[in-house]
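Written below as structure tokens is the structure these notes are about.
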Amino acid sequence: MVSVRFLGAARTVTGSKFHVSVDDTDLMVDCGMFQGLKALREENWKSLSVEVPNLKHILLTHGHLDHTGYLPRMLNQGFKGSVLGTAPTLAIAEIILRDSAEIHEEEAEKANKGGYSKHQPALPFFTREEAEAAVKLFRAVPLDEWQELGEDISVKWSYNGHIIGATYITIRIGGKHFVFSGDIGRRDDLLLRDPERPRWADYLFMESTYGDRLHPEEEVENTLITLIHRTIEERGTLLIPSFAVERLQLLMLILWKLYRKNNIPGIPIFVDSPMGADVLGVFRDFPSWHKIPEADFRAMFKHMTLVSSYRDTWRTIDDPRPKIVIAGSGMVTGGRILTYLTRTLDKKNTTVLLVGYQAEGTRGRKLLEGKKSLRIFGKDYRVEAEVVHLESLSAHADQGELLEWLGDIRNIPEQVFLIHGEEPAMAVFKSKIEDCYGWSVSIPCQDEAVTLI
């Protein structure tokens, strides 16, 4: 008998956590934190509704915060098992956890000094010490090789695009295949190979972030060229909030290629993401996982200025030249981008370019929805900047690509569970799968448990 409890990413996109219980073996697939709406963020502070000390392994599909950011909290609840993922996934997760811990500590300190938190004192979600303790439990696994985790339980990680190291996970229990899609990447990505597809799935746990739409056929390069020339003419700033993993490296590559082809002039480009710089090291360490030639890597570094210290962030802000600034985070939930926004959001010659999915309740979504003010560090800032969205730069597969990913499954799954999506997208994707494949599809609720086999 197998039971699966949906501890996150159920009728919402973030907080990926799925508890799998098989007789005397307890596993978890992903261990992410919620982002976006306040009600979801508050869930992060609660203990899980399962016996955490009984967990033997946590299996990571990839390293993003909404799939790994709850790991330090697990140790406080008694987890002593191992955290398994591909080597680049663990490298990414280590970078993200350390960076996030630093941000949590800094923001708690700012809130206490500024007195704008209702909590006295404001506490970090997790500390650097707790992040380091979680990293010590990491164990790397190879691609496409079954790993025995218990009696009649084996697990395999398969390449999935999306970000470096990302996989979908197949858990084989008693001859049945439980497939957790993780986040599925795009076709024809400039950085990564096309995702591999599962061939068999008795029970499928399927992401649906873009289950209700197709990515638009956008002229990404032409849009960037137009924005950059306008930024130069208006002597302004082009701000690009970016995810430190994959999006930042893709933007660097695109901008470098535009410059090399003489499509844009030599405008200063600042990359202010210490975490993003660390992630570039992961790309160097794992060349077989991506498609960027080493020569392009070296050229990108020479062409752009990597900002490391917070002092240099302020120097960049004070630089009077027209400029491009790429800074974390992608959904404007934290990181260095917030400092830039406090100084430039009220200027008409500022352009904020959003590149990818913006979860409900995030500052990025609010900008996308045309909000006239944005609350940052306890203060409201007027929005005079132009906001532009390039959805086609998302690292997530769209509806067509998701359906295509299912196309090689040779059996009829006994049940498909939709996860990682907002409810309207899930409802549309449920109907689409039923129409295209005739499979049984359900949309589980938060903390719902199902018994299978």
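The values are calculated or read from the model by the stated rules, or taken from the named source; none is laboratory data. All values reported here derive from a predicted model rather than from experimental measurement. As a convention, Cβ positions derive from the backbone with ideal geometry for all residues, glycine included, and neighbour counts pool all protein chains shown. Calculation scope for accessible area: heavy atoms of the full protein, side chains included, ligands and nucleic acids excluded. Shrake-Rupley method; radii C 1.70, N 1.55, O 1.52, S 1.80 Å.
Looking at this structure, is Val271 assigned to a loop (DSSP other than H, G, I, E, B), within 29 Å of Thr167 (Cβ to Cβ) and either open to solvent by less than 50 Å² (accessible area, probe 1.4 Å) or touching a strand residue (DSSP E or B) at 6+ places or on another chain (Cβ under 6 Å) (or both)? Give the steps one after another, and end with the answer.
On the way: assigned to a loop (DSSP other than H, G, I, E, B): no; within 29 Å of Thr167 (Cβ to Cβ): yes; either open to solvent by less than 50 Å² (accessible area, probe 1.4 Å) or touching a strand residue (DSSP E or B) at 6+ places or on another chain (Cβ under 6 Å) (or both): yes.
For Val271, the condition - assigned to a loop (DSSP other than H, G, I, E, B), within 29 Å of Thr167 (Cβ to Cβ) and either open to solvent by less than 50 Å² (accessible area, probe 1.4 Å) or touching a strand residue (DSSP E or B) at 6+ places or on another chain (Cβ under 6 Å) (or both) - is not met.
If you go through segment 340-387, how many residues are at pLDDT below 95, polar (S, T, N, Q) and touching a helix residue (DSSP H, G or I) at 6+ places or on another chain (Cβ under 8 Å)?
Looking only at that region, the number is 1.
Would you pick out the residues in segment 162-175 that are surrounded by 18 or more Cβ atoms within 10 Å (Cβ to Cβ) and either aliphatic (A, V, I, L, M) or touching a residue at least 40 places away in the same chain (Cβ under 8 Å) (or both)?
His162, Ile163, Ile164, Gly165, Ala166, Thr167, Tyr168, Ile169, Ile171, Ile173
Look at segment 188-216 and say how many of its residues are touching a Ser or Thr at 6+ places or on another chain (Cβ under 7 Å) and open to solvent by 10 Å² or more (accessible area, probe 1.4 Å).
So the answer is 3.
Would you check which residues across segment 382-413 are charged (D, E, K, R) and either open to solvent by less than 10 Å² (accessible area, probe 1.4 Å) or out of contact with any strand residue (DSSP E or B) (no Cβ under 6 Å at 6 or more places or on another chain) (or both) and list them?
Our first condition is that a residue be charged (D, E, K, R); within segment 382-413, this holds for 382, 384, 386, 391, 398, 401, 404, 408, 410.
Passing the criteria: Glu384, Glu391, Asp398, Glu401, Glu404, Asp408, Arg410.
A quick yes/no check of all residues on (1) of a type in the set (A, V, I, L, M); (2) modelled with pLDDT of 95 or more; (3) open to solvent by 10 Å² or more (accessible area, probe 1.4 Å); (4) assigned to a strand (DSSP E or B):
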position	(1), (2), (3), (4)
Phe18	no, yes, no, yes
Lys56	no, yes, yes, yes
His67	no, yes, no, no
Arg73	no, yes, yes, no
Leu90	yes, yes, yes, no
Asp99	no, no, yes, no
Glu105	no, no, yes, no
Ala122	yes, no, yes, no
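I'd like to verify a number: residues in segment 288-300 that are open to solvent by less than 80 Å² (accessible area, probe 1.4 Å) and either over 24 Å from Pro265 (Cα atoms) or in contact with a helix residue (DSSP H, G or I) (Cβ under 8 Å, 6 or more places away or on another chain) (or both), how many? Lay out the reasoning, then the answer.
Initially, segment 288-300 is screened for residues open to solvent by less than 80 Å² (accessible area, probe 1.4 Å), giving 289-290, 292-293, 295-297, 299-300.
Subset that is either over 24 Å from Pro265 (Cα atoms) or in contact with a helix residue (DSSP H, G or I) (Cβ under 8 Å, 6 or more places away or on another chain) (or both): 289-290, 292, 296-297, 299-300.
Of the residues in that region, 7 qualify.
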